[in-house]
1. Taking 7 Å along the Cα-to-C-beta vector as the label spot, tell me the T115-Q189 distance in nanometres, rounded to one decimal.
2. Label point 7 Å out from T201 along Cα-to-Cβ: which residues of region 214-232 have amide N under 18 Å?
3. Quote the charge dipole size of the chain about the Cα centre in Debye, to the nearest 20; the model charges only the Cβ of Lys and Arg (+1) and of Asp and Glu (-1).
4. Once you have a ≥ b ≥ c as the square roots of the Cα gyration tensor eigenvalues for region 21-163, tell me rounded if a/c is under 1.5, and otherwise prolate or oblate according to whether a/b is larger than b/c.
5. In terms of Cα to Cα distance under 15 Å, which aspartates and glutamates are near enough to K223, apart from those fewer than 8 places away along the same chain?
6. Just want the answer: with Cβ charges of +1 for Lys and Arg and -1 for Asp and Glu, which residue in G248, F269, V346 is farthest toward the dipole's positive end in the chain?
7. Among residues other than R277 whose Cβ falls under 15 Å from its Cβ, what is the net charge (Lys/Arg +1, Asp/Glu -1)?
8. Once each part is reduced to its C-alpha centroid, what is the distance from region 1-74 to region 146-185 in angstrom?
Amino acid sequence: MNDELSLAGLQLDGREIDLGRLRAGTMLGLMGSPDSTTSVVLSAAALPHVAPPPRFPTGRRSGRLRVRSWMKSYLREADAGSGEAASAADPPAALTSFGLRPDVLRSRLDDLDATDRARLALAAAWASGAKWLTLIDPFGSVPGHLRTGLRGRFAELVAQEGRGVVFSSNSLTDHTIAEAGVADIEKDQLVALGSLEQIVTEPRGSLPAELSGVNVYSGLARKGWLSIGHSAVRARTELDGKVFVTLGWRAALLSLDEHDPAFTSATVFEAIVTGLRDRGSCLQAKLSPVDTEMGLALDVDLADLAGVPRTQPDSTKSDASAESAEDSAATDESDASEKPTIGFGVLHPGLGATISELRANVKVGTHVFVEVDTSALHAYPVE
């Protein structure tokens, strides 16, 4: 059998897309809108010699179905679609490969927890004997402490036995096994196709930007300057033409005071908090500029609960000051009581010195002042 599978001509919302060629022993990951990525996985599954993604039945009585019956049904479907001989499959060996005992075949689907269902789906696909497999979010229900091991085991078997896999997932870490690359599919469009590193370091869509913790904008590089829309936020660049620009969620400083001494540039703009959310250990805000000719819409981290208390730097103290050890010791004791301390997890002391102050001061509708670290703007060509 051919060691490459052509993924040209796959269907996405009635249009053809080309995801290149999949080599045996590698995996291609799809991220983006679940409906879109699922339709592309199913389009790949319709190709000759490709096994369909294992899916569990839904409905009140579906959970009472025996694992053995469900697997037999899937293997018959896989045989019809892939041309592989399901009768030659070895379900017990496949189950063992993914950490399940063969006697699980006597269990009902309802008896399995989410992790064992994920193991079962992988085992069923493996038992099909197909060289080319498709999976829909195969690790999504597996908790983190088990997910890494199961994902690594699957990737190891794929490489060892020369299979090829097309799978979908919106977990960035799942795509670390996507040696054949990652496709970003959003709003029924193929936004980008490339290595995981390319997709997340130079995102062209909202999902990889979200997963990698950056804002992404369309910009223009001209005459040595990088501009984003009509905003006054600019930076030097050697590029020329249309570009994408990213800015990290911590590449801006916020304050309630327009004249906060922590601001060091003239490009400070006013913005309104239009949304608040939790993300991991962080509290975040969505900002909209009051004047689009001055500022940018952006997401920012407000506080990180994994942070530690810190002392506000004393910017007025010169590094060149030469004090005697005795004077220095006395001064340090005095300074310690005068320097403000940034509370636990606080990233923008101008919004509040503690989490409690931050929560009281910053709500949807609050006006804040923003300074962007323009050195953190990363631009790359659209094409």
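The values are calculated or read from the model by the stated rules, or taken from the named source; none is laboratory data. Quantities reported herein were computed from a predicted structural model and do not represent experimental measurements. Here Cβ is always computed from backbone atoms with ideal geometry, including for glycine, and neighbour counts include all displayed protein chains. Calculation scope for accessible area: heavy atoms of the full protein, side chains included, ligands and nucleic acids excluded. Shrake-Rupley method; radii C 1.70, N 1.55, O 1.52, S 1.80 Å.
1. Those two pseudo-labels are separated by 4.1 nm.
2. 214-216
3. It comes to approximately 2480 debye.
4. Cα axes put region 21-163 in the rounded bin.
5. E238, D240
6. Working it through, the farthest residue towards the positive pole turns out to be G248.
7. It works out to a net charge of -1.
8. Each part's Cα centre sits 14 Å from the other's.
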